[in-house]
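Reviewing the structure listed below.
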Amino acid sequence: MVRKILGSVTAAALLLAVLVLSVPGHTWASENDVKPPAVAVMVAQADDEDVNDPLEPVNRAIFRFNEFLHDILLGPIARLYNENLPAVFRAGVSNFLSNLATPITVANNILQGDTDGAVIAISRFMTNSTVGLAGIADVAAELGVEEQKEDFGQTLGVWGFGEGFYVVLPIFGPSSPRDAVGKFLVDPCFSVSGHWLDNTDQETLEWTLTGVDGVSEYAGVVDELDQVRKTSVDYYAAIRSLYRQKRKTEINNGETLELPPIPDLGYDMVPEDLNQPLAGRPEALGVSK
């Protein structure tokens, strides 16, 4: 599969980097990182020594390419998806796809030594797959058992591997060597549905599920991303900051912030300073809209 080949090549090229650069507590800084000027609607930025973006010129070029693709393809499709399909249908699609990915969470719970988390994930899967009609309805959440997604990038982080340098991947967006290795090389090994699709030569169905998943994830945050873009002095730096802090909170199983859902394409949005607001919330700073 083209997608898997692309992912494997990208992650393999980064594997050596993550082993060398991602030692616990180590940081790599770019001398050219500059904080943007203060604005009324703030998106927190990392300190110069914490930005860790030595590939910034290349990353910005790839970021612009990704934005071009989103503007001409994914963005219009996501907006049509939101405008023409009812919210209950969109929620059902998202729930179904999330339920399919449960084995990945369970495997990483076990690798992290979190047996309680694995039991919760399994119980959610059993409940939603039966009472929830194959996961279309998130009955478990309605019963108070919230979803906690885990991936191999988080597992490496739990065991002390640092993120390494920040990198923007073509199409997939913000990442790091650690997270790319997990996303493209390890987590697919835990996907039961992925193995079934491969072993039964269901390429059309696999591509369909991949496409629907991408549209569903992006459609869930397209409006919020537009707001961040409009209110950020440096949209690239804002997304970088939000992505990195989101990964930190996921690894630490921190409190869930009041933020929009985050797509797997990589636009993970959480402020660097958890006490600071996202774009679109000027009232938190006492600034009128």
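The values are calculated or read from the model by the stated rules, or taken from the named source; none is laboratory data. Because the structure is a prediction, the values reported are computed rather than measured. No Cβ is skipped: glycine too gets one built from the backbone with ideal geometry, and neighbour counts run over all protein chains shown.
Of all residues in the stretch 133-141, at least one satisfies being surrounded by fewer than 22 Cβ atoms within 10 Å (Cβ to Cβ) and more than 30 Å from Gly75 (Cβ to Cβ). Scanning the stretch 191-207 for residues that are in contact with a Leu (Cβ under 7 Å, 6 or more places away or on another chain) and either of a type in the set (Val, Ile, Thr) or over 22 Å from Thr105 (Cα atoms) (or both) yields a count of 1. Can you find even one residue in the stretch 108-115 that is modelled with pLDDT of 95 or more, buried (at least 20 other Cβ atoms within 10 Å of the Cβ) and in contact with an Asp or Glu (Cβ under 6 Å, 6 or more places away or on another chain)? Yes: the stretch 108-115 contains one or more residues that are modelled with pLDDT of 95 or more, buried (at least 20 other Cβ atoms within 10 Å of the Cβ) and in contact with an Asp or Glu (Cβ under 6 Å, 6 or more places away or on another chain).
Here's the yes/no breakdown for (1) touching an Asp or Glu at 6+ places or on another chain (Cβ under 9 Å); (2) over 17 Å from Glu67 (Cβ atoms); (3) of a type outside the set (Val, Ile, Thr); (4) assigned to a helix (DSSP H, G or I):
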| site | (1), (2), (3), (4) |
| --- | --- |
| Gly153 | yes, yes, yes, yes |
| Leu156 | yes, yes, yes, yes |
| Gly194 | yes, yes, yes, yes |
| Thr204 | no, yes, no, yes |
| Val228 | no, no, no, yes |
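Checking the conditions here, which among Ala237, Ala219, Ala180, Ala140 is closer than 19 Å to Pro103 by Cβ and of a type in the set (A, V, I, L, M)? Testing whether each residue is closer than 19 Å to Pro103 by Cβ and of a type in the set (A, V, I, L, M) leaves just Ala140.
The stretch 56-104 holds no helices (runs of 4 or more DSSP H) entirely within its bounds that carry 2 or more residues that are within 26 Å of Ser193 (Cβ to Cβ) and among the acidic types (Asp, Glu). Considering only the stretch 195-237, state which residues are under 27 Å from Pro57 (Cβ atoms), buried (at least 20 other Cβ atoms within 10 Å of the Cβ) and at pLDDT below 95. Scanning the stretch 195-237 gives Tyr218, Val221, Leu225, Val228, Ser232. Scanning the stretch 123-132 for residues that are crowded, with 18+ Cβ neighbours inside 10 Å and not in a helix (DSSP H, G or I) returns a single hit, Gly132.
Within the stretch 74-132, the residues that satisfy the criterion of being among the polar types (S, T, N, Q) and more than 22 Å from the chain's Cα centre (by Cα) are Asn84, Thr115, Ser123, Thr127, Asn128, Ser129, Thr130. Here Lys183 fulfils each of the conditions (1) in a loop (DSSP other than H, G, I, E, B); (2) closer than 27 Å to Leu242 by Cβ apart from (1). Against the definition (in a helix (DSSP H, G or I), within 26 Å of Leu100 (Cβ to Cβ), in contact with a helix residue (DSSP H, G or I) (Cβ under 9 Å, 6 or more places away or on another chain) and modelled with pLDDT under 95), how does Tyr267 come out, yes or no? No: the conditions fail for Tyr267.
So is Pro177 farther than 19 Å from Ser94 by Cβ, touching a residue at least 60 places away in the same chain (Cβ under 8 Å) and exposed (fewer than 14 other Cβ atoms within 10 Å of the Cβ) or not?
no
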